[in-house]
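Asker: Dropping a structure here in structure tokens format, bear with me for questions.
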Amino acid sequence: MAWGPFDMTAAAAPTYPRTIPTSGGPTEIRYMGEADREAVLAFARELPPHDLLFLPRDISQPKVLGAWLREIERGAMTSLLAVRAGEVLGCATIVREPLSWSPHVAELRVVVLPKARGLGLGRTLSEDAFALAIPLGIEKFVAQMTADQTAAISVFETMGYRAEALLRDHVRDRDGKKHDIVMLAHDVAAFDARLAAYGLAEPLES
Ligand SMILES: CC(C)(COP(=O)(O)OP(=O)(O)OC[C@H]1O[C@@H](n2cnc3c(N)ncnc32)[C@H](O)[C@@H]1OP(=O)(O)O)[C@@H](O)C(=O)NCCC(=O)NCCS
């Protein structure tokens, strides 16, 4: 499922579990649930601590993971996992606040183990999250990452995201060092209107 700036095929929501081919072998994409607790903890603990800074809380702590699973249970978060041979290689989460003043905005959080990067998992997980959120009325996606995550920023730019804000010294790592956060955004509604104006696609219903 390719998803470039002028390809909206990702708007067709996929069904799970589904298996995708990668150069590292077939990988399952499916929803995360309670049964994944230990595998997700192992995943979080294998990630370099610096790669966790874009998340509001440290998911390598069992208490934080427990709260995350409860959020999934009550429907406030939706998480997808990329799993091969029982090992979690990547994860994407959609965070929405339907009762806030931004019910049309979703935050996308994606992270892939360093050893599994460059195989297309980050893109697949992001596209799938996008496709799941569109039918929920999401018109704008935001993603935040430390400003030095140049690979992550490039990946999101290839998916149509653009930098919208820079938050200076916004997060502090375990050694006390502060880092800037960059906020990227993808305005689906404006993007769709532009496509319609060019006669390239039907506007999405929201
Ligand atoms: C961002 C991240 C999830 C990408 O995961 P990934 O599985 O390596 O990404 P993919 O293999 O799907 O690559 C996606 C696209 O980015 C490109 N890309 C991958 N690595 C890149 C790099 N280092 N520099 C530039 N572009 C890169 C790929 O070529 C691909 O484009 P294509 O599909 O047109 O070929 C991963 O780098 C990561 O976990 N980073 C740390 C956590 C983070 O900061 N996440 C962002 C917060 S939301």
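The values are calculated or read from the model by the stated rules, or taken from the named source; none is laboratory data. Predicted, not measured: the structure shown is a model, and the values here were computed from it. Here the Cβ is made from the backbone with ideal geometry for all residues, glycine too, and neighbour counts use every protein chain on show. Areas reflect the complete protein model, heavy atoms only, side chains present, ligands, DNA and RNA absent. Shrake-Rupley method; radii C 1.70, N 1.55, O 1.52, S 1.80 Å.
Asker: Please name all residue pairs, on different chains or six or more residues apart, with Cβ atoms under 8 Å, provided the first residue is in the stretch 116-129 and is farther than 15 Å from residue 158 by Cα and of a type in the set (D, E, K, R) and the second residue is open to solvent by 10 Å² or more (accessible area, probe 1.4 Å) and in a helix (DSSP H, G or I).
Answerer: Correct list of pairs: 117/151.
Asker: Take the residues in the stretch 113-162 that are at pLDDT 90 or above and open to solvent by 70 Å² or more (accessible area, probe 1.4 Å), then tell me which one is farthest from the ligand (Cβ to nearest atom).
Answerer: Here the residue is 162.
Asker: Determine which single condition residue 80 fails, assuming it passes every other condition in (1) at pLDDT 95 or above; (2) within 30 Å of residue 168 (Cβ to Cβ); (3) touching a Ser or Thr at 6+ places or on another chain (Cβ under 9 Å).
Answerer: Result: residue 80 passes all but (2).
Asker: Turning to a different aspect of this structure: Residues in the stretch 24-50 that are acidic (Asp, Glu) and touching a strand residue (DSSP E or B) at 6+ places or on another chain (Cβ under 6 Å): how many? Spell out the reasoning first.
Answerer: Kept after step one, since they are acidic (Asp, Glu), are these residues of the stretch 24-50: 28, 34, 36, 38, 46.
Subset that is touching a strand residue (DSSP E or B) at 6+ places or on another chain (Cβ under 6 Å): 28.
Matching residues across the stretch 24-50 total 1.
Asker: Quick check on the stretch 182-197. Is at least one of its residues open to solvent by 40 Å² or more (accessible area, probe 1.4 Å) and at pLDDT 95 or above?
Answerer: Yes, the stretch 182-197 contains a residue that is open to solvent by 40 Å² or more (accessible area, probe 1.4 Å) and at pLDDT 95 or above.
Asker: I need a count of the residues in the stretch 13-47 that are over 15 Å from residue 91 (Cβ atoms) and assigned to a loop (DSSP other than H, G, I, E, B).
Answerer: Count: 9.
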